[in-house]
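Participant: Okay, here's the structure, questions in a sec.
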Amino acid sequence: MKKNRTKHPPRNSEFASGRSASTRKLTLLEVLVKTGRSLRDLVTSSGLEIFRALLEEDQAMLCGPRHRPQADRQAVRHGTTEGPLVFGGRKIRLTRPRVRSIQGREMELPTWKDFSEEDPLNARAVEQMLVGVSTRGYARSLEPLDEDHESVGVSRSSVSRRFVARTQEQVTAFLSRPLGELDLPVIMLDGICLAEHVLIIALGIDTDGRKHVLGLVEGSTESEGVCQSLLRNLIDRGLKVERARLFVIDGGKGVRKAIRSVFGPWALVQRCQIHKLRNVLDHLPQGKRGWMRAAIRRAWAAETSDKARRKLRDLASQLEETHPGAAASLREGLEETVTVIDLGVGGWLLKTLCSTNPIENLNGSLRRLTRNVKRWRGGAMAQRWGATALMEAERTFRRIKGYRDLPQMLKALGALITGARVDKKRRVA
């Protein structure tokens, strides 16, 4: 006769192990919740304990094991002290052991030396400025610390000093980059005002349609002398002079004179059509701006440059009696507004090269970055912020629209400039 026996699950069964595991997880979760600690706090405290253990190992390596006399000992333990270390975009004070040589000289622990570098802190300060955090709001942008540690080096002045120290080296290297290996048939020049300072920016486009920030210079106006200093700096860094080149400008007389003075017959100038259109419309009453805007745009959309010139001159004649200021503005620099049409440029490439919009995008990035600056302390500060913004914008550059049509344009550019140089020699003779 069989006896009924109750079967119990083995101790090592999956049921038992799963139950104990879930119990352990629940216990750990309850501990974290009850103490109000997050995973970051747990990882931080554990990491600091590991760091202290590494410091103890360094001390033992230099001084030998504790309570064991050594005849050849070269260093001795000398208590503890506090020191700052970079931690999460700030500095915190940590206690570290001290070690002195037999001669009484302070010795540095290797682990402490490795972690005491301030480059990560300077880089974090620059990164926060680039994403729009002001120096006043820097401390609030950091993760909070536990009650046992206090933030050091997060004041407005400290962050500002780190930004200056970090960006100064980058700006110097950025503005001295060699240009000899770049073939730049198109250069755009434009200025932007930062308080009482004017920054002239040069943007180059290579034969593949890629954009390159070439340089900038600080001045009080867009004068010929300031622009010449920028262009000659580019030449000193390797930019070729004897090369057919198209310059796109907003219409400043000083910029145009500087181009003619430095590059002579090797340069063609395209006047920004958007700036020219605004200048003309500023001389007209609000009710007449709509039809004039459409008429000028139709003229620039003509099939040939001769047709565009004829339509623009007809418009100027129509405005002569009623609005002479608008007529004079339209005639001024008229030839330079159709330069790209002379080169047979069309489609997206025409839209790209008929205005300074590519470089205006750089100006927008600069304004966005500097919106938190309340006080400009000098030209060096304006130049440093400007170059930093340009470096940040250059990271997101793409090819210009219509770059596939560049070979055809470059061929026409070379032929046009070569013909102009030959005609000039004939006229001189």
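The values are calculated or read from the model by the stated rules, or taken from the named source; none is laboratory data. Everything numeric in this text was worked out from a predicted model, so none of it was measured. Quick reminder, even Gly has a Cβ in these numbers, built from the backbone with ideal geometry, and neighbours come from all protein chains shown.
Participant: Somewhere in the stretch 156-170, is a residue of a type outside the set (D, E, K, R) and modelled with pLDDT of 80 or more?
Facilitator: There is at least one residue in the stretch 156-170 that is of a type outside the set (D, E, K, R) and modelled with pLDDT of 80 or more.
Participant: I've got another one for you. Would you pick out the residues in the stretch 163-205 that are of a type outside the set (A, V, I, L, M), within 15 Å of residue 247 (Cα to Cα) and in contact with a helix residue (DSSP H, G or I) (Cβ under 9 Å, 6 or more places away or on another chain)?
Facilitator: 185, 190, 191, 204
Participant: May I ask you to say which residue of 65, 84, 9 is at pLDDT 75 or above and more than 38 Å from the chain's Cα centre (by Cα)?
Facilitator: Among 65, 84, 9, only 65 is at pLDDT 75 or above and more than 38 Å from the chain's Cα centre (by Cα).
Participant: Here is a list: 221, 172. Which entry is in a loop (DSSP other than H, G, I, E, B) and of a type in the set (Val, Ile, Thr)?
Facilitator: After ruling out the rest, the residue left standing is 221.
Participant: Continuing with this model, one more query. Go through the stretch 308-362 and give me each residue that's farther than 30 Å from residue 394 by Cβ and of a type in the set (D, E, K, R).
Facilitator: 309, 310, 311, 313, 314, 320, 321, 331, 332, 335, 342
Participant: Scan the stretch 337-363 and report the pairs whose first residue is more than 19 Å from residue 213 (Cα to Cα) and whose second residue is of a type in the set (Ser, Thr, Tyr) and in a loop (DSSP other than H, G, I, E, B), with Cβ atoms within less than 8 Å and a gap of 6+ or a chain change.
Facilitator: 341/304
Participant: Considering each residue of the stretch 67-94, count those that are in contact with a helix residue (DSSP H, G or I) (Cβ under 8 Å, 6 or more places away or on another chain) and assigned to a strand (DSSP E or B), and give that number.
Facilitator: Our first condition is that a residue be in contact with a helix residue (DSSP H, G or I) (Cβ under 8 Å, 6 or more places away or on another chain); within the stretch 67-94, this holds for 73-77, 83, 85-86, 89-91, 94.
Next cut, assigned to a strand (DSSP E or B) only: 75-77, 83, 85-86, 90-91, 94.
Result for the stretch 67-94: 9.
Participant: If residue 401 meets every condition in (1) under 10 Å from the mean Cα position of the chain (by Cα); (2) touching a residue at least 12 places away in the same chain (Cβ under 8 Å); (3) not in a helix (DSSP H, G or I) apart from one, which number is that one?
Facilitator: (1)
Participant: Determine which member of the set 187, 200, 192, 205 is closer than 25 Å to residue 343 by Cα, assigned by TED's automatic domain parsing to the domain that holds residue 361 and under 19 Å from the mean Cα position of the chain (by Cα).
Facilitator: Answer to the selection: 205.
Participant: Can you pull out the residues in the stretch 183-216 that are free of Cβ contacts under 8 Å to residues at least 60 places away in the same chain and surrounded by 19 or more Cβ atoms within 10 Å (Cβ to Cβ)?
Facilitator: Result: 198, 200, 202, 204, 214, 215.
Participant: Something else: Scan the stretch 367-397 for residues that are at positive phi and assigned to a helix (DSSP H, G or I) and jot them down.
Facilitator: Result: no residue meets the conditions.
Participant: Among the residues of the stretch 210-241, count how many are closer than 21 Å to residue 195 by Cβ and among the polar types (S, T, N, Q).
Facilitator: Counting residues in the stretch 210-241 that are closer than 21 Å to residue 195 by Cβ and among the polar types (S, T, N, Q) gives 4.
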